[in-house]
């Protein structure tokens, strides 16, 4: 989302890449794809190339690594070295390369050096969780006669924000999605649900979220957060 927002604000062409879109079972095809990617990005620049889960593509090189994987990494770094940075005198040919990873310590050292700026995105704090939860509540699947999607008060929303301390954005999305099914679960089986009109489905309430919290725990452990903090400190 950050990469897409950057492309939108800078009015740049956006290329979202993953391991599945760049790798091939045919020898030599992956290198050609990477070369073509950077060439097209330069032709329609300014451009942003975003690599999702970049560690799956550019992990540390090993002695027993497959030759095709090694050639792919070499081609990537060759193309990366030829990129004109944003702010170059020739702005029409500028390219910004972004990558995200949940395991940055698995990246090859040569790749890390090429990413001059490394930004650690921490878990959302209370100020970030509150608008996220409010936005998801507006999209909840509940409904009532007065078109209210949820019946949570401001105090209950504040309680929910406190209860989700340590949750990632993905955890909160899962939590709200689970809670939104509460009104349907309260109706009963599928046969009863088929006979109920939308106006008779109650709004999502605080009890639905309490049940969802019991069923959906935070996915990021304290030890993993410490690992991230240590890696960030080592990179400074």
| field | the chain: angle of helix 222-235 to the longest principal axis, Cα-based, in degrees nearest 10 | value | 30
| With axes computed from alpha carbons, what is the tilt in degrees of helix 154-163 against the longest principal axis of the chain, rounded to the nearest 10 within 0 to 90? | 50
| said: Could you order the peptides 215-228, 159-172 from most to least packed, using the average number of other C-beta atoms within 10 Å per residue? | reply: 159-172, 215-228
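Compare the peptides 1-8, 173-180, 105-112 by average per-residue count of other Cβ atoms within 10 angstrom and give them in order, highest first. Can you show the working numbers first?
Working: 1-8: 13.0, 173-180: 20.0, 105-112: 15.6.
In decreasing order of mean packing, 1-8, 173-180, 105-112 become 173-180, 105-112, 1-8.
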| field | Inter-label distance for residue 64 and residue 119, nm, one decimal - labels placed 7 Å from Cα along Cα-to-Cβ | value | 3.9
| Ranking 14, 38 by Cβ neighbours within 10 Å, fewest first, what do you get? | 14, 38
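Enter the per residue convex hull volume of region 191-236, computed from alpha-carbon coordinates, in Å³ rounded to the nearest integer.
Numbers: hull volume 7.4 nm³, N = 46.
Hull volume over Cα atoms, normalised by residue count, gives 160 Å³.
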| remark: GNM on the chain, Cα springs under 10 Å; top mean-square fluctuation among 135, 99, 182 goes to 135
| task | Working from the alpha-carbon coordinates of the chain, get Rg over Rh, Rh being the Kirkwood radius. | result | 1.09
| said: Would you work out the Kirkwood radius for region 154-231? I mean one over the mean of 1/r across all pairs of different Cα atoms, in Å. | reply: 14.4
| note | With Cα coordinates, the longest principal axis of the chain makes an angle with the long axis of helix 67-81, in degrees rounded to 10, of 90
| said: I need the Debye-formula profile for region 1-42: one equal scatterer per C-alpha, no solvent, reported as log10 I(q)/I(0) at q = 0.15, 0.22, 0.26, 0.27 1/Å, two decimals. | reply: -0.46, -0.77, -0.90, -0.93
| Could you list, bin by bin from short to long, the percent of Cα-Cα pairs of region 2-114 in 5 Å steps? | 2, 12, 22, 24, 21, 12, 5, 2, 0
| Exposure proxy check: 25, 62 ranked by fewest other beta carbons within 10 Å? | 25, 62
| Ellipticity estimate at 222 nm from DSSP helix runs (n ≥ 4, -39,500 (n - 2.57)) divided over the chain, nearest 500 | -15000 deg cm²/dmol
| query | What distance in nm separates the simple spin-label points at residue 1 and residue 36, each placed 7 Å from Cα in the Cβ direction? | reply | 3.3
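Every number here is computed from the coordinates shown, using simple stated rules; none is lab data. Keep in mind the model is a prediction, meaning the values are calculated, not measured. Note: ideal-geometry Cβ built from the backbone for every residue, glycine included; neighbour counts use all protein chains shown.
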